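Each remark here refers to the structure printed beneath this line.
The values are calculated or read from the model by the stated rules, or taken from the named source; none is laboratory data. Keep in mind it's a predicted model, so treat the numbers as computed, not measured. FYI the Cβ positions are ideal-geometry reconstructions off the backbone, even for glycines, and counts take in every protein chain you see.
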Amino acid sequence: MNSFKDFNLSDSIVKALDHQGFTTPTEIQAKAIPALIAQEKVDFHGQAQTGTGKTLAFSIPLLQKVDAKNKQTQGLIVAPTRELVLQICESLEKMAAFSKGVSVVPVYGGVSIERQISQLKRGAHIVVGTPGRLNDHIRRRNVSLKNLSALVLDEADIMLDMGFKQDIDFILEKSCSERQIWLFSATTNRNVDSIKKKHMNDPVSVRICKKNVTAKNTEQFFCILPERYRFQALCRIIDTQSDFYGIIFCQTKLLTADVAQLLTQRGYNAGSLHGDMDQKMRNKVIKKFKSKSIELLVATDVAARGIDVSDLTHVINYSFPEDQDSYVHRIGRTGRAGKKGTAITFINGRQVGLIRGLAKRTSSDIKPVEVPTVDDVMKVKIERALGYFNDLCNKNSSLNGALEPLKSSIHTLSRDQLVNGAINILSDKFLRAEEIGKDIPDFSSEDFESRGYRGGRGGRDSRGGRGGRDSRGGDRQDLRMTKGMSEIVLHIGSEDGIRKSDIVRHCVSSNAISKNQIERVRVIKRRSFVVVSSTIAKKALSALKGKDIQQRRVRVGLSNLN
């Protein structure tokens, strides 16, 4: 099918497609829609990757089957997350814009169930929900499935991996026997096969296999790094990009939270998303990420499902993905809507073969890439510092009259004093040594060549031993607090005009810490961190509470790294 108009669709759906600019169906849509709009009952399994148009593939046939005059629930869509539920509802509402009287109701956990009950009582032709909340509504008899025409399981593999098998079995068992089951997934596994065998009748299966299943607008790279260097490498990559807006994938909830915490401590606008977060906090983080208040989202695979952001510049695989499908799902989040994207995967030496296999199976060009050096980072930061300084020099202050005493004092300074002062101010803001660090050794050459990797068009020049870190841990202090030490957090930073010397002076004046008891001080945009011995941390914390810095009341606490 070359056009949606080649399908036997209702005029209202055709009008909605034209209104949204959809003319040509994707491969999954071209294969699914004709089968699902047919008059005869059919159970269907569509397997396709993220970004291939699965939502429209089942939304169009579902709306085609709805009888608006019948107020009973005729369509049920089950999805793993609140975000995906809302996205599906939005898509359905757009497609139903010219279909009079069709109502779509979302139901999900983390919000009041009473409002959902009220909406369901008013009538819902299509209900879209998460497994747990749907289960609740069915048990309370708020949703009737006796007149159901089609039941859609979207991202079925993810729902089953998240532990929703019992909820899904319950929903399927409570639905009428005449309903059709349309199952969509990115992968096929034992859990998916179990659903098909137990609940579906001779299902039609369609699998979309592209020669290159990864995003064509996404450049793919890999970087060989031991885990102890990965956080420093991540910061280098972010620092050398002019506009970084992306997702950093980690394998575990604990690592996700730790990496996000470390990024925040370094002054990046970062947030985390993982399974231990409640719905309210999850919603808050996603809202900030979509509005770009958070530019770096550290997430697990499951937690990131259902987040639809079209202009991501980067995806970083901090942890190696579990399988090919996870890799494709991850990097498919950048390089969308005709925009260029970059995906970088951190691996260890033993995983070079896995990268080679991924490149071969996905017909992708996954090229080696080097971690930016200290010189690379310095060059970018100096350019930004100069740009910032030039803007300041050409900016007129609204306090001109009040600043005359300051101007007079500055005029008395020598040229060398002014240059030195400007350099110190800019260095404190842009060039803090503890954030730039030392060069990271090159781990590529031996593993890269000995394992015969030949994927990728470009070679890699070995810089061999850029040195600077010992074999015992290098950047390890960035990943955990030294044993026997604690870190105190003060919620005030460089944006408030605070310097390290101000923090040291404040701590010493509390009479709980002497200068030689302070192990390390860091100041970032909105927070400052003081490392002291754990034996005096509580006493120091107590002494600092309620104390002002430069006439500002400051909250204090212990870092999560303790």
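Worth pointing out:
- Residue match in region 55-70 (condition: over 20 Å from Ile208 (Cβ atoms), surrounded by 22 or more Cβ atoms within 10 Å (Cβ to Cβ) and not β-branched (Val, Ile, Thr)): yes
- Restricting region 170-190 to residues that are touching a strand residue (DSSP E or B) at 6+ places or on another chain (Cβ under 8 Å) and of a type in the set (S, T, N, Q) leaves a set whose member that is nearest to Val42 (Cα to Cα) is Gln180.
- Count - residues of region 219-245 that are among the small types (Gly, Ala, Ser) and in a helix (DSSP H, G or I): 1
- Those residues of region 105-128 which are surrounded by fewer than 15 Cβ atoms within 10 Å (Cβ to Cβ), small (Gly, Ala, Ser) and over 17 Å from Gln279 (Cα atoms), in sequence order: Ser118, Gly123
- Enumeration of residues in region 370-394 that are of a type in the set (Asp, Glu) and exposed (fewer than 14 other Cβ atoms within 10 Å of the Cβ): Asp375, Glu383, Asp391
- Scope region 251-285; condition β-branched (Val, Ile, Thr) and either over 25 Å from Gln232 (Cβ atoms) or in a helix (DSSP H, G or I) (or both); matching residues: Thr256, Val259, Thr264, Val285
- Single match in Lys288, Lys367 (criterion: in the same structural domain as Leu234 (by TED's automatic domain parsing), surrounded by fewer than 22 Cβ atoms within 10 Å (Cβ to Cβ) and assigned to a strand (DSSP E or B)): Lys367
- Checking Ile113, Ile171 one by one, the residue that is at pLDDT below 95, of a type outside the set (Ser, Thr, Tyr) and under 32 Å from the mean Cα position of the chain (by Cα) is Ile113 and no other.
Conditions (1) assigned by TED's automatic domain parsing to the domain that holds Gln49; (2) of a type in the set (Val, Ile, Thr); (3) outside any loop (DSSP other than H, G, I, E, B); (4) within 21 Å of Ala48 (Cβ to Cβ), marked per residue:
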site	(1), (2), (3), (4)
Ser144	yes, no, no, no
Asp157	yes, no, yes, yes
Ile168	yes, yes, yes, yes
Glu178	yes, no, no, no
Leu183	yes, no, yes, yes
Lys198	yes, no, yes, no
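- Residues of region 305-327 satisfying the condition of being modelled with pLDDT of 80 or more and crowded, with 18+ Cβ neighbours inside 10 Å: Leu312, His314, Val315, Ile316, Asn317, Tyr318, Ser319, Phe320, Pro321, Tyr327
- Residue count for region 328-362, restricted to those that are part of a helix (DSSP H, G or I) and either modelled with pLDDT under 85 or more than 18 Å from the chain's Cα centre (by Cα) (or both): 15
- Boolean, Ile549 is in contact with a helix residue (DSSP H, G or I) (Cβ under 9 Å, 6 or more places away or on another chain), within 29 Å of Gln232 (Cα to Cα) and either surrounded by 19 or more Cβ atoms within 10 Å (Cβ to Cβ) or at pLDDT 80 or above (or both): no
- Filtered by the rule that a residue be within 18 Å of Val192 (Cα to Cα) and surrounded by fewer than 22 Cβ atoms within 10 Å (Cβ to Cβ), region 21-46 gives Val42, Asp43.
- Scanning region 62-72 for residues that are within 19 Å of Glu155 (Cβ to Cβ) and not in a helix (DSSP H, G or I) turns up nothing.
- Only one of the numbered conditions (1) in contact with a Ser or Thr (Cβ under 7 Å, 6 or more places away or on another chain); (2) surrounded by fewer than 23 Cβ atoms within 10 Å (Cβ to Cβ); (3) in a helix (DSSP H, G or I) is not met by Cys89, and that is (1).
- Test result for Val102, buried (at least 18 other Cβ atoms within 10 Å of the Cβ) and farther than 28 Å from Lys15 by Cβ: no
- Close pairs from region 155-173: first buried (at least 16 other Cβ atoms within 10 Å of the Cβ), partner charged (D, E, K, R), Cβ under 6 Å, at least 6 apart: Ile158/Arg305
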